[in-house]
1. Would you check if Pro295 is touching a strand residue (DSSP E or B) at 6+ places or on another chain (Cβ under 6 Å) and part of a loop (DSSP other than H, G, I, E, B)?
2. Looking at the structure I just gave you, is Ser269 under 30 Å from Leu217 (Cα atoms), open to solvent by 20 Å² or more (accessible area, probe 1.4 Å) and touching a residue at least 24 places away in the same chain (Cβ under 8 Å)?
3. Can you tell which of Ser218, Ser189 is farther than 23 Å from Thr67 by Cα and open to solvent by less than 10 Å² (accessible area, probe 1.4 Å)?
4. Among the residues of the stretch 137-194, what is the count of those that are part of a loop (DSSP other than H, G, I, E, B) and not acidic (Asp, Glu)?
5. Name the residue, out of Val95, Val87, that is crowded, with 24+ Cβ neighbours inside 10 Å, in a loop (DSSP other than H, G, I, E, B) and of a type in the set (A, V, I, L, M, F, W, C).
6. Of the residues Ser194, Ser231, which single one is surrounded by fewer than 17 Cβ atoms within 10 Å (Cβ to Cβ), on the phi < 0 side of the Ramachandran plot and among the hydroxyl-bearing types (Ser, Thr, Tyr)?
7. Identify, please: which residue in the stretch 41-64 is under 30 Å from Asp136 (Cβ atoms), among the β-branched types (Val, Ile, Thr) and not in a loop (DSSP other than H, G, I, E, B) and is, among those, most open to solvent (accessible area, probe 1.4 Å)?
Amino acid sequence: MMKTLGKRSFLKTATLTLAGITLFGATNLVASQTQDVKLTTSWDKVFAKSDKVNHKKVTFKNRFGITLVGDLYTPKNKADKKLPALVLSGPYGAVKEQVSGRYAQTLAERGYVTLAFDPSFTGESGGEPRNVSSPDINTEDISAGVDYVGLLPNVDQNKIGVMSICGFGGIGLNAAAVDKRIKAIAVASMYDMSRVMAKGYFDSMPLEGKTQLLNQLSQQRWVDAANGTPSIAPNGLPSKLTGKEPEFVQGYFDFYKTKRGFHPRSINSNGGWTITNSISFMNTPLMTYIKEISPRPILFIAGEKAHSLYFTQDAYKAANEPKELMVIPGAVHTDLYDNMKVIPFDKIAAFFAKNL
């Protein structure tokens, strides 16, 4: 935590790389991350399957023609009713079998049709090259999810919301600003990926540092062009902890690298982003149009002790009403990934019930 480590120590140990920010994983890519969309048939989530909802694997295309793969959760015994729907995404570098799926299944138990999906170029979704993210394409991925659920016969098109976690919090807000079909949005433990890639944690990277980084990334493009394929960034999380890492690194390791949350298709667990991945984020600020989400409501949720809290606080200040900020006492960033005693599902369900 900043108060415990001090800002200088925190930044020194932050896992920044040539890509602007390392988001966790080794350099090997798993076999399932190929151009062809291959769907798993067994339950391979990091959370237990609920007997209160129906689940099925689905595919849909985004505006760029990329086939996305999602998990659709539907409340049982409500097949004859038009229901509100939620599109869920995040964290950045995670897959639907981890955090977004847990949220989706839990909210489906509370009466929502929910869709958790893998973003383009990751997980089971299509797109080449692999392990690339984009402020434009990933924003579109969320709107493509809205396309999909809005055409389901049991969904009310006028009652569609978005729930985005961690690095997809900022991307979800960007989607809500441009896609007026999204009637309400909630974000948890949000990151503004464009800000952290362009400025580092706590805006610690000066313009000179950004210029140097972009020079390095520009030179890396020559290497990738000559090789005909993008190079993968180095390992972001250590292979084991020494105990001297800051809380946020320990938290990420404990989730992504252990049985608690490890998944072989997750970049954070078992992969790495391309070295040049951050280029498009660095000059595409995701929060530019956050005020235009209004008059549709936003619910911001963050942990009191989360290293990422400042992203939420600043986004809340920038947004117009109606908006609500919920800071959970004592919680850290990754508590909102899977700690069922901490994640305020009652509040989230009530927020969408009121606003959809």
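1. Values: touching a strand residue (DSSP E or B) at 6+ places or on another chain (Cβ under 6 Å): no; part of a loop (DSSP other than H, G, I, E, B): yes.
In short, no.
2. For Ser269, the condition - under 30 Å from Leu217 (Cα atoms), open to solvent by 20 Å² or more (accessible area, probe 1.4 Å) and touching a residue at least 24 places away in the same chain (Cβ under 8 Å) - is not met.
3. Numbers: Ser218 fails: open to solvent by less than 10 Å² (accessible area, probe 1.4 Å).
After ruling out the rest, the residue left standing is Ser189.
4. The initial filter retains those residues of the stretch 137-194 that are part of a loop (DSSP other than H, G, I, E, B), namely 151-154, 166, 179-183, 189-192.
The next check asks that each one be not acidic (Asp, Glu); those that pass are 151-154, 166, 180-183, 189-191.
Total meeting the criteria: 12.
5. Details: Val87 fails: in a loop (DSSP other than H, G, I, E, B).
Result of the check over Val95, Val87: Val95.
6. Answer to the selection: Ser231.
7. Ranking the qualifying residues of the stretch 41-64, first place goes to Thr59.
Residues are listed down the side, and each one gets a yes or a no for (1) farther than 30 Å from Ala233 by Cα; (2) surrounded by 20 or more Cβ atoms within 10 Å (Cβ to Cβ); (3) touching an Asp or Glu at 6+ places or on another chain (Cβ under 7 Å):
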{"position": "Asn77", "(1), (2), (3)": "yes, no, no"}
{"position": "Pro91", "(1), (2), (3)": "no, yes, no"}
{"position": "Ala116", "(1), (2), (3)": "no, yes, yes"}
{"position": "Pro129", "(1), (2), (3)": "no, no, no"}
{"position": "Gly150", "(1), (2), (3)": "yes, no, no"}
{"position": "Ile160", "(1), (2), (3)": "yes, yes, no"}
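The values are calculated or read from the model by the stated rules, or taken from the named source; none is laboratory data. Note that the coordinates shown come from a computational prediction; the quantities given were computed from them, not determined experimentally. Don't worry about glycine lacking a Cβ; one is built from the backbone with ideal geometry, like all the others, and counts go over all protein chains shown. SASA here: full protein model, heavy atoms, side chains in, ligands and nucleic acids out. Shrake-Rupley method; radii C 1.70, N 1.55, O 1.52, S 1.80 Å.
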